[in-house]
1. For Ser153, what residues show an amide H to amide H distance below 5 Å, using hydrogens built from the backbone and excluding near sequence neighbours?
2. Can you pull the one-decimal nm distance between simple spin-label points at Lys22 and Val289, each 7 Å off the Cα toward Cβ?
3. So if each residue of separation counts as 0.36 nm, and I subtract the Cα-Cα distance between Thr10 and Ala278, what length gain in nm does that give?
4. Rounded if a/c is under 1.5, else prolate if a/b beats b/c, else oblate: with a ≥ b ≥ c from the C-alpha gyration tensor eigenvalues square-rooted, which is the stretch 236-290?
5. With the cut-off at 18 Å, tell me which of the pairs Lys22/Lys190; Lys74/Lys166; Lys36/Lys74; Lys45/Lys166 have Cα atoms farther apart than that.
6. Tell me which of Val42, Pro23, Cys58 sits at the most positive position along the dipole axis of the stretch 3-94, charges placed on C-beta atoms (Lys, Arg +1; Asp, Glu -1).
7. By the gyration tensor of its Cα atoms, with a ≥ b ≥ c the square roots of the eigenvalues, what is the shape of the stretch 3-94: rounded for a/c under 1.5, prolate for a/b over b/c, or oblate?
8. So how far, in whole Å, is the C-alpha centre of the stretch 122-166 from the one of the stretch 259-299?
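What follows draws every value from the coordinates through simple rules; no lab data is involved. It should be emphasised that the depicted structure is a prediction, and the values quoted were computed from it without experimental measurement. Positions of Cβ are backbone-derived with ideal geometry, glycine not excepted, and every protein chain shown enters the neighbour counts.
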Amino acid sequence: MTSDEVSPVTAGQLLGAYEVVKPLAQGGMADVFLAKCEDRHVALKVLNARRSMDRESCALFLDEARVVGLLSHKNIASVLGADVIGSVHCLAMEYVHGADLREVLLAASHINAAIPFDMALSIVAQAAAGLDHAHRRCDADGVPLRLVHRDVSLSNIMVGHDGVVKVVDFGIARSTISTVHTSPGVVRGKASYMSPEQCMGDRVDHRTDVFALGIVLYELTTGARCFHGKTDFERMLAVVRGDFIRPTDLVADYPLELDQVVRTALASDPAKRYPSCAAMIEALERVMVGRGWTEGPDTIRNVMHGLFGDVREPWCDEDVPVTEVHDVVSPEPQGSSALVTAKLTRPKRFPHGTISDCYDPKDWASDADEAATRGHRRIRRASSPRLAA
């Protein structure tokens, strides 16, 4: 990390009413710290030094506070306040005691385990519920926000150890109250999680988030990346062309009805996707009911315990050892809420060519497909002959 990317705060520093305790995560735009205000702990998001000198980055940062401040849903991490202290931009958010989906998949890969279908569907259904609330929200005057997250991905969905899922990071969300508007021909998001219309620089609506949820569902239930490429351009081109391997070609006994849900969410034409996150939830619930799978926090909580053991909040005594995590093996079908080891298989056939560089559960340790593309040029239509079809 270069000197201009260093966070302008350090542990022990006071920022207004918040005392910085320790760093939690680091990103290209901002860093997240554990902080304390009186008897409450929060996640304090701080714009890094380089971004704090950029007007657009500062505006995006404050836009996030305004937008999320209007949202109130159990599946969205709430914003508690925002402030500019000197040159430091900080955003206090609800602290989620858990792990993001990248960390969950990586933990599963370490024990050669597949995420159970019922857990995966429960996670996506909760995330979809939070996004549906955001999509339907109005401002104080009753005017629809027309909010689109635009950055739904594995790293922006947190899974609590209590089984509750939270959507986070509305930093590049588009809404009617946004002060920053994307310039023509420029896209924002992560290359592997953008919709075709997002890649093309076209107008986006809530169905862009439905598409991204389809990618998340694909990756949770197959253990493989959905859209691949060595560069952002290659990944975006794969998205625009709809170039992904069907889940039924990747995983043994993948439910056909779940395969249909994934492919509907990933339709290149927005009109052929689920019309809303609520409609996608209904489709997921039909699969759950038809398969006799249990939905809800209990399902998620059991698997999280199997993956991570008893994890204390970070402000607890760090000298007390955390419960050791053991492999969890179950003879039951993958749909059950116990982890299943060695369940994923190599594909039977490769309809889109080789899979040599794309099927590796340990790929979740890589940042390649999670880097934010906040200023890449759109893909030109001439580069995507399959789009019209």
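1. Amide H neighbours of Ser153, under 5 Å, 5+ apart: none.
2. 4.7 nm
3. Difference between extended and current length: 92.3 nm.
4. oblate
5. Violating the 18 Å Cα-Cα cut-off are Lys22/Lys190; Lys36/Lys74.
6. Val42
7. Because a/c hits 1.5 or more and a/b fails to exceed b/c, the stretch 3-94 counts as oblate.
8. 16 Å
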